[in-house]
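The values are calculated or read from the model by the stated rules, or taken from the named source; none is laboratory data. Remember, it's a predicted structure, so these values are computed and weren't measured experimentally. Heads up, the Cβs are rebuilt from the backbone with ideal geometry, glycines too, and the neighbour counts pull from every protein chain shown. Each accessible area value is taken on the protein alone, full model and side chains, heavy atoms only, with ligands, DNA and RNA left out. Shrake-Rupley method; radii C 1.70, N 1.55, O 1.52, S 1.80 Å.
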Amino acid sequence: MKAKLVTYRTEKLNKSEKSKLSKKLYGYTDKSHHGKYVYDREGLLDETKHIKIYKNTFIVPIENWAPIKKELKKRKANIKTWDIILLEDL
């Protein structure tokens, strides 16, 4: 299976942009009305199979790379990728 090993850096981003990027990629828990209602908001990586290796490093199938790449570029994160072949499916 063809996949991408992705790592990104966010040290040049401000706290707000880092938070937005993290929420968009990994999702978050949204609480409203003083915690009375709790919603789990999904991120881009929740919608696809992936392997999270470290905080800013993950493996994603190559066919699902385009929307993730678009979001990382939109937030101006420093991206490094490698094409890899997995012997087993995710």
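Things to note:
- Taking the charge dipole of the chain about its Cα centre, with +1 at Lys and Arg Cβ atoms and -1 at Asp and Glu Cβ atoms, the residue from ASN78, LEU25, THR7 reaching farthest to the positive side is ASN78.
- Rounded to the nearest 10 square angstrom, TYR37 shows an accessible area of 100 square angstrom against a 1.4 Å probe.
- For ASP30 and LYS74, the difference between the fully extended length at 0.36 nm per residue and the C-alpha to C-alpha distance is 13.5 nm.
- Nearest-ten-degree value, helix 65-74 long axis tilted from longest Cα axis of the chain: 60
- A crude spin-label estimate for the pair LYS20 and ASP89, with each label 7 Å from Cα along the Cβ direction, gives 3.6 nm.
- A simple charge model with +1 on the Cβ of Lys and Arg, -1 on the Cβ of Asp and Glu and nothing else charged puts the dipole of region 46-90 at about 520 debye relative to its Cα centre.
- Based on Cα contacts under 8 Å between residues 6+ apart, the chain shows a relative contact order of 48 percent.
- Folded to 0 to 90 degrees: helix 15-26 orientation relative to the chain principal axis, Cα: 70
- FRET efficiency, LEU13 to ALA66 (Cβ-Cβ, R0 25 Å, nearest 0.05): 0.70
- Exposure rank, largest accessible area first [ASP30, ASP46, ASP83; 1.4 Å]: ASP83, ASP46, ASP30
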